[in-house]
Amino acid sequence: TEWVGYDLNGDDCVPKESCRKAQTTFYKATMCPGDDESVLDAEIDEIVEQFFDRHDVDGDGEVTWEEWMHSKAATILSQDGKLRQVLSADEKHALTCLFRSTDRNGDGKIARTEALSYYQIRLEHMIMHG
């Protein structure tokens, strides 16, 4: 499975270096002769960052099986158009409120600056309230 390719030592936890090794192995296997490996390194850096942005829920620099499974399940349900079907009315309301409060300019999209602002406020709250 996909997870096994990332969890190189089988401990149900993927640090960034393991993710980088897995991505490098995959992309080198698919490279054409003569492809520039320095471009590949930059692309892999971006892919690894995106992987951690998406899956490292607690921000500790490692993706656990649990974090990966939850984000993967949400992605699959969303792609199938079924995510709304599995959420309770309270969950839908809470997520709608969270989305709207994060989408500061109300354009229906969360820009990087809006996400950064949300996480900064969340971090400050965590520091103050433990």
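The values are calculated or read from the model by the stated rules, or taken from the named source; none is laboratory data. Just so it is clear, the model here is predicted, and its values are computed rather than measured. Using ideal geometry, Cβ is built from the backbone for each residue, glycine included, and neighbour counts are taken over all protein chains shown. To get the accessible areas, we keep the full protein, side chains included, count just its heavy atoms, and leave off ligands, DNA and RNA. Shrake-Rupley method; radii C 1.70, N 1.55, O 1.52, S 1.80 Å.
Observations, loosely collected:
- Residue within the range 89-104 that is outside any helix (DSSP H, G or I) and either more than 30 Å from C13 (Cβ to Cβ) or at pLDDT 80 or above (or both) present: yes
- Scanning the range 3-61 for residues that are among the acidic types (D, E) and farther than 24 Å from R122 by Cβ yields a count of 11.
- Top-ranked residue of the range 19-75 - restricted to ones that are assigned to a loop (DSSP other than H, G, I, E, B) and of a type in the set (G, A, S), ranked as farthest from the chain's Cα centre (by Cα): G34
- First in the range 7-36 and without any contact (Cβ under 8 Å) to a residue 12 or more places away in the chain and farther than 24 Å from D56 by Cβ, second anywhere and open to solvent by less than 60 Å² (accessible area, probe 1.4 Å) and assigned to a helix (DSSP H, G or I), Cβ under 8 Å, 6 or more apart: M31/L40
- Among (1) open to solvent by 40 Å² or more (accessible area, probe 1.4 Å); (2) at pLDDT 85 or above; (3) within 14 Å of W68 (Cβ to Cβ), the one test that C19 misses: (1)
- Any chance R84 is assigned to a helix (DSSP H, G or I), in contact (Cβ under 8 Å) with a residue 24 or more places away in the chain, over 23 Å from S117 (Cα atoms) and open to solvent by 50 Å² or more (accessible area, probe 1.4 Å): no
- Residues (exposed (fewer than 12 other Cβ atoms within 10 Å of the Cβ) and among the β-branched types (V, I, T)) located in the range 40-81: I76
- Of everything in the range 105-130 that is assigned to a loop (DSSP other than H, G, I, E, B) and among the charged types (D, E, K, R), the residue that is least open to solvent (accessible area, probe 1.4 Å) is D107.
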